[in-house]
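Take a look at the structure set out below.
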Amino acid sequence: MYAVISDIHANLEALGAVLADADMAGADRLVCLGDLVGYGPDPNRCVSLVREAADAVVAGNHDLAAVGRLDISWFNDTARRAIRW
């Protein structure tokens with residue numbers, strides 16, 4: 001069974017809870033649809049955890065912005081600050 005996650009936005013506590021729920025539900029494959037970073041306080045740890053656990057990851061707009069591959073001028077102020085952080 002697949003577990004599909006997205007829009008983690010650097011929220012490590014929520015990511016941990018979702019991964020635990022997926023495991024309890026019997027998911028044996030994990031797909032991440034992006035936006036691992038942005039807003040929350042733990043982007044590096046979230047990225048590391050998903051890199052270990054996921055079978056496939058798609059970069060979201062916040063992920064692309066964080067590595068300089070997307071113009072953030074259209075992001076709201078809070079999102080721009082999070083990306084620059």
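Taking amide H atoms as placed 1.01 Å from N in the peptide plane, the amide H of Ile5 lies under 5 Å from those of Val31, Cys32, Leu33, each 5 or more residues away in sequence or on another chain. In order along the stretch 32-47, the phi-based Karplus estimate (6.51 cos²θ - 1.76 cosθ + 1.60, θ = phi - 60°) of 3J(HN,Hα) comes to 10, 9, x, 6, 6, 10, x, 6, x, x, 10, x, 5, 5, 5, 4 Hz; Gly and Pro are listed as x.
When every Cα-Cα distance of the chain is counted in 5 angstrom steps from zero, the calculated P(r) takes the values 3, 16, 27, 24, 14, 9, 5, 2, 0 percent. Note on Ser73 and Ser48: their simple-model spin labels are 3.6 nm apart, each label 7 Å out from Cα toward Cβ. Excluding Ala10 itself, what net charge comes from residues whose Cβ is under 10 Å from its Cβ, given Lys and Arg +1 and Asp and Glu -1? Taking every other residue near Ala10 into account, the sum is -1. Karplus-derived 3J(HN,Hα) values for the stretch 6-12, using 6.51 cos²θ - 1.76 cosθ + 1.60 with θ = phi - 60°, are 6, 6, 6, 6, 6, 9, 5 Hz; glycine and proline are entered as x. Each residue of the stretch 18-26 was assigned a 3J(HN,Hα) from its phi angle through the Karplus curve 6.51 cos²θ - 1.76 cosθ + 1.60 (θ = phi - 60°); the sequence is 5, 5, 5, 4, 4, 5, 5, 7, x Hz, with glycine and proline shown as x.
Throughout, read-outs are computed from the coordinates displayed, never taken from laboratory work. The shown structure was predicted, so the numbers you read here are calculated from the model rather than taken from an experiment. Cβ coordinates were reconstructed from backbone atoms using ideal geometry, including for glycine residues, and neighbour counts include every protein chain displayed.
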